Amino acid sequence: MRTEFPDFRLGKVLATSFTGTLSERHGDSVERIPTPQRLMDWLAVSGLAVDSCTPAQLELARELRESIHAAATAAAVQDALPAAAVQVINDFSIQGRAAAVLTPEGERRWQLGSASRVEDALSVIAADAVSVIAGERDGKLALCASPTCRAAFFDTSQSRTRKWCDMNTCGNRQKKARFHANRRKDPGPTS
């Protein structure tokens, strides 16, 4: 993978990891798939390797990503799902050629057809989004508590009270900010 791009923020849930390819949505946004090759890299790391990707397919991927983010955000705050986002997710979900296969470890993995296309990989991501947003998995959709991030993530913690999409980035940043704010309020003993 190329090092001049920001690292991927990979999670255990394909659909919300995909929405994480654009982070800091309410601050200085970070695009983690700025090129077709970078989308191919992300798909490969996510078990959905494709043979090629065009700029038009990258735009399709971004359209799906934003639709999943919009629907997941609405579901997390218990609003009505945006009809346009639902339509995009459904359209992508039904158009691909992929099959669920069982690994020797007893886990489900997606296998794309022999001529792997970006659209096939996107259909897997869309199908995953359907399952997450429809509430078919054990966990709940939540939004990152960071005011600049607000990423949708799938909380599978026992208490379902996770606050951050990623503790190593958003959580640590917020804790550092709170620490520094408290130090400014109480500078400690003076000599």
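Numerical summary
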quantity: Residues being basic (Lys, Arg) and either buried (at least 23 other Cβ atoms within 10 Å of the Cβ) or touching a His at 6+ places or on another chain (Cβ under 8 Å) (or both) - total across the stretch 138-165; calculated: 1
quantity: Failed criterion for VAL101 (all others in (1) assigned to a helix (DSSP H, G or I); (2) open to solvent by less than 50 Å² (accessible area, probe 1.4 Å) hold); calculated: (1)
quantity: When residues of the stretch 27-64 are limited to those that are loosely packed, with under 13 Cβ neighbours inside 10 Å and not polar (S, T, N, Q), the one modelled with the lowest pLDDT; calculated: GLY27
quantity: The one condition in (1) open to solvent by 70 Å² or more (accessible area, probe 1.4 Å); (2) of a type outside the set (Asp, Glu); (3) at positive phi; (4) modelled with pLDDT of 85 or more that GLY135 fails to fulfil; calculated: (1)
quantity: Whichever residue in the stretch 140-151 is closer than 28 Å to ARG109 by Cβ and modelled with pLDDT of 85 or more and, among such residues, is farthest from the chain's Cα centre (by Cα); calculated: LYS140
quantity: Residues being within 16 Å of VAL124 (Cα to Cα) and of a type in the set (A, V, I, L, M, F, W, C) - total across the stretch 11-39; calculated: 5
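The values are calculated or read from the model by the stated rules, or taken from the named source; none is laboratory data. Source: prediction; values computed, not measured. Cβ atoms come from the backbone with ideal geometry, glycine included; neighbour counts cover every protein chain shown. We work out accessible area using only protein heavy atoms, side chains counted, and drop any ligands, DNA or RNA first. Shrake-Rupley method; radii C 1.70, N 1.55, O 1.52, S 1.80 Å.
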